[in-house]
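This report refers to the structure that appears directly beneath it.
The values are calculated or read from the model by the stated rules, or taken from the named source; none is laboratory data. Since we're looking at a predicted model, the values are computed, not measured. For neighbour counting, all protein chains shown are included, and Cβ atoms are generated from backbone atoms with ideal geometry for every residue, glycine included.
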């Protein structure tokens, strides 16, 4: 093989039917910015479709807290103090724990759904619900004895018992959240935010 043929073999390819050398197509600057804008708008629409129902759900959840505080305020300062203390205790020792543990299943569900491993997806949901229900048992026992803890920290007995009564009324929230939090992560990982979409 001659030197010229060797050089031609390593040279750039030539298109059939044209004499110009092949290279990456040059995209005009205006088209490139337009494509980028369209992709950003499309991504924002997807995020809004997933995030908006979750925002509404959280607003309703905190609206319940606000409504409760308003009604407790009409019953007097002692009831408002006991209810606020009870809810703060419930947030720290109960709701935050359940929300935090359920958040760990979101990346697992997302990866399982992306890999089309629906068996792992369903298993993660079931195990998360069972785990949160088990964790709700010691949390419930802690709430039943919250008055002893508050009195030990120097709070008045009247406020401590009102906080305990408020926490007892919040006990049904524990099993509900044990199901709701994993279910929210399970559905959001699949992009299911409305009843019209199908589940796997």
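Of the helices (runs of 4 or more DSSP H) that lie entirely inside region 57-121, those containing 3 or more residues that are under 21 Å from residue 137 (Cα atoms), under 20 Å from the mean Cα position of the chain (by Cα) and in contact (Cβ under 8 Å) with a residue 40 or more places away in the chain span 96-103. Checked against (1) farther than 16 Å from residue 61 by Cβ; (2) within 24 Å of the chain's Cα centre (by Cα); (3) at pLDDT below 90, residue 155 passes all but condition (2).
Does region 172-189 contain any residue that is under 26 Å from the mean Cα position of the chain (by Cα), without any contact (Cβ under 8 Å) to a residue 40 or more places away in the chain and more than 30 Å from residue 49 (Cα to Cα)?
Our first condition is that a residue be under 26 Å from the mean Cα position of the chain (by Cα); within region 172-189, this holds for 172-189.
Checking the rest, the ones that are also without any contact (Cβ under 8 Å) to a residue 40 or more places away in the chain come to 172, 176, 180, 187.
Remaining after also requiring more than 30 Å from residue 49 (Cα to Cα): 172.
Scanning region 172-189 turns up at least one residue that is under 26 Å from the mean Cα position of the chain (by Cα), without any contact (Cβ under 8 Å) to a residue 40 or more places away in the chain and more than 30 Å from residue 49 (Cα to Cα).
Go through region 150-160 and report how many residues are assigned to a helix (DSSP H, G or I) and either in contact with a strand residue (DSSP E or B) (Cβ under 7 Å, 6 or more places away or on another chain) or buried (at least 16 other Cβ atoms within 10 Å of the Cβ) (or both).
3
Considering only residues in region 172-200 that are crowded, with 16+ Cβ neighbours inside 10 Å and over 30 Å from residue 116 (Cβ atoms), the one that is modelled with the highest pLDDT turns out to be 174.
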